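Report on the structure given below.
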Amino acid sequence: MTKENSVIEELAELKEQALSKISDSASLADLEEIRLAYLGRKGEVTSRLKSLGKLPPDLRPSAGQELNRVKRAIDEEITGRKESLQQKELNDRLVNESFDISQPGRHKSLGVFHPVAGIMEELIDIFTRLGFVVVEGPEVETDEFNFKKLNFPDDHPARDMQDTFYVKNGAKLLRTHTSPVQIHAMLKRNPPMSIIAPGRVYRCDSDVTHSPVFHQIEGFHIDKNVTMAHLKGTLELFVHRLYGKNTGIRLRPSFFPFTEPSAEVDISCMLCKGKGCRLCKGTGWIEILGAGMIDPNVLKEVDIDPEKWTGFAFGIGIERVAMLKYAIDDIRLLFENDPEFLRQF
Ligand code: FA5
């Protein structure tokens, strides 16, 4: 046998061996191993191609051509086998995978607004539609803004340690109501103005309708010739929008140092439909807000001429509004944040 024939024969054997391994390969991983063993950088065919130069010059052309043919044949065989192994793996997966179309879908549970946040949003929406602008103020206040500029006398009981949380050795306090935002806003703006100020307030107070931390929305409107009738109309409108047109509303004469005249506003208890229950303490009514005409002394404090401008103001207790809307008879439920309770809203 000539040297040439023996090289060709050796290559033919190499090819046969490779093709049989390829057709016996059972997985894509096996196939890749075979590819590397023959065609990889250090594979059999690649090494032979690299060492062609070591053959006698007269053998090189025919051995080179044959090696390239072998390389192509192995490559084509691998491509074909790869396709059939891929198809096989896909078929196996489909056979083993089962899919029950009658199973209910997996759904993500959506979060809900806390009832207090929900009511707050609803009230902000009602008042901004009426032209009120939202303003915020600090929760840590001074006696000056929380009381003095609101016309509280020095000996007013609300300044008492029992009602007010003081901080920094009494130099500051946690605001007991949102009314100080009236002062901040009036100092920054000129009338006419219509403002609402939602926020958290703090008092030493705790029972089924009183919480030490609760929320209010302050609202006030200053313009020429504003009267109590504007106040009543605005409050009626908000109560009817929130609770429906048939909701009873009653204004009781009251006292606040910063309004004159003043009123407390009750609405008919929705839990007992006015019959009397734990929530309304047997009266059939529940107080949701304080209101009145802004006292001229307050306007003078902020350099607004009370001869020229008048205004009304109100402060709504958000938790009370939520309790009525959702018939909740204990304010503490709103702060315990039990997920079972909150999921109902
Ligand atoms: C005030 O806080 C006045 N600043 C409201 C006001 C503003 C009057 C503007 C006039 C003009 P009062 O203390 O009544 O008022 O509180 C207002 C509302 O907050 C009450 O009607 C009630 O709904 C709610 N509220 C009061 N104390 C608590 C408490 N401890 N827990 C939950 N809600 C409360």
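For Ile316, which of the numbered conditions (1) free of Cβ contacts under 8 Å to residues at least 40 places away in the same chain; (2) out of contact with any Ser or Thr (no Cβ under 7 Å at 6 or more places or on another chain); (3) crowded, with 22+ Cβ neighbours inside 10 Å fails to hold?
Unmet condition: (1).
Under 9 Å by Cβ, and 6 or more places apart or on different chains, what pairs join a residue from segment 226-253 that is of a type in the set (Ser, Thr, Tyr) with one that is assigned to a loop (DSSP other than H, G, I, E, B)?
Qualifying pairs under 9 Å: Thr234/Leu130; Tyr243/Met270; Thr247/Met270.
For segment 69-83, state whether one or more residues are surrounded by 13 or more Cβ atoms within 10 Å (Cβ to Cβ), touching a residue at least 60 places away in the same chain (Cβ under 8 Å), in the same structural domain as Leu14 (by TED's automatic domain parsing) and assigned to a helix (DSSP H, G or I).
no
Can you name the number of the only condition in (1) surrounded by 21 or more Cβ atoms within 10 Å (Cβ to Cβ); (2) without any contact (Cβ under 8 Å) to a residue 40 or more places away in the chain; (3) not in a loop (DSSP other than H, G, I, E, B) that Ile183 fails?
(2)
Search segment 277-303 for residues being surrounded by 14 or more Cβ atoms within 10 Å (Cβ to Cβ) and more than 16 Å from the ligand (Cβ to nearest atom), and hand back the single one that is modelled with the highest pLDDT.
Taking the candidates together, the pick is Gly284.
Please go through (1) assigned to a helix (DSSP H, G or I); (2) hydrophobic (A, V, I, L, M, F, W, C); (3) crowded, with 20+ Cβ neighbours inside 10 Å for Ile222 and return the number of the only condition it doesn't satisfy.
It fails just one condition, (1).
How many residues are within 13 Å of the ligand (Cβ to nearest atom) and out of contact with any helix residue (DSSP H, G or I) (no Cβ under 6 Å at 6 or more places or on another chain) if we restrict to segment 334-345?
Selection size over segment 334-345: 1.
Being part of a helix (DSSP H, G or I) and either in the same structural domain as Asp305 (by TED's automatic domain parsing) or surrounded by 19 or more Cβ atoms within 10 Å (Cβ to Cβ) (or both) narrows it down to one residue among Ala197, Ala158; which is it?
Only one candidate qualifies: Ala158.
Taking Thr209 as meeting all but one of (1) under 16 Å from Ile196 (Cα atoms); (2) within 8 Å of the ligand (Cβ to nearest atom), write down the number of the exception.
(1)
The values are calculated or read from the model by the stated rules, or taken from the named source; none is laboratory data. Everything numeric here is computed off the predicted structure, so don't read it as measured data. When we count neighbours, we look across all protein chains shown, and the Cβ atoms used for this are built from the backbone with ideal geometry, even at glycine.
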